[in-house]
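Notes follow once the structure below has been shown.
Read-outs: derived from the displayed coordinates by stated rules, not from any lab. Please read these numbers as outputs of a predicted model, since none were measured by experiment. Cβ placement follows ideal geometry from the backbone for every residue including glycine, while neighbour counts extend to all protein chains displayed.
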Amino acid sequence: MAEPLASPTLRLSRAQYEVVLGHCLDGFPDEACGLFSGPFAPDQGGGPARPTGVVSEVHPCRNADASARTYTVDSRDLLRAMRAAEERGDDIVGVWHSHTHTDAYPSATDVRQAVDGAWIYAIVSLKFGEPVLRAYRIADGAITEVGVEVGG
């Protein structure tokens, strides 16, 4: 039997990366958030499909909480992102948000609110002024860091 897919590397184009960072900086002092869409691939071990890590589109969203400590993706923005992904033949494969005063590591709240164990959760820390983006999978309370590649 084949091995299941390893945790994907988050693959962003340079332009997508800049949109994510710019959205986080523009949202300061509140947390900013957005969604990633891209393809899923079947798990070779027979498990559920998972994101490949490739991001087709980034979807900046409003933080419905308008808070420096929490975020909730605005429901209208979620619906728009889901429709745009579906039109491309993609799915929502992850979410990003900023941490305005802490490191780019999931908080207890982030872990509790993780909606899909297959998704990629990216966090942009603005703690030191220069943004730092790291990505994770959060499944059943377990946090696994995944790689991030920014292409041309």
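Here are some notes:
- The chain: calculated mean residue ellipticity at 222 nm from DSSP helix runs of at least 4, using -39500 (n - 2.57): -7000 deg cm²/dmol
- Here r is the Cβ-Cβ distance between GLU18 and ARG80 and R0 is 30 Å; the resulting FRET efficiency, rounded to 0.05, is 0.90.
- Dipole orientation for the stretch 34-152: of the candidates THR72, ALA139, GLY151, THR72 has the Cα lying most toward the positive pole (charges on Cβ; Lys, Arg +1; Asp, Glu -1).
- What you get for the chain, charging only the Cβ of Lys and Arg (+1) and of Asp and Glu (-1), is a dipole of about 60 debye around the Cα centre.
- Label point distance in nm, THR144-THR9, each placed 7 Å from Cα along Cα→Cβ: 1.7
- Of all DSSP bridge pairs formed entirely within the chain, close to 70 percent run antiparallel.
- Computed over the stretch 4-152, the P(r) tail beyond 18 angstrom holds 53 percent of alpha carbon pairs.
- Extending 7 Å from Cα along the Cβ direction at GLU130 and again at LEU25 yields two label points whose distance is 1.3 nm.
- Shape of the stretch 65-139 from the C-alpha gyration tensor: prolate (a/c of 1.5 or more and a/b above b/c, with a ≥ b ≥ c the square roots of its eigenvalues).
- Between 0 and 90°, nearest 10: helix 14-27 axis offset from the chain longest Cα axis: 40
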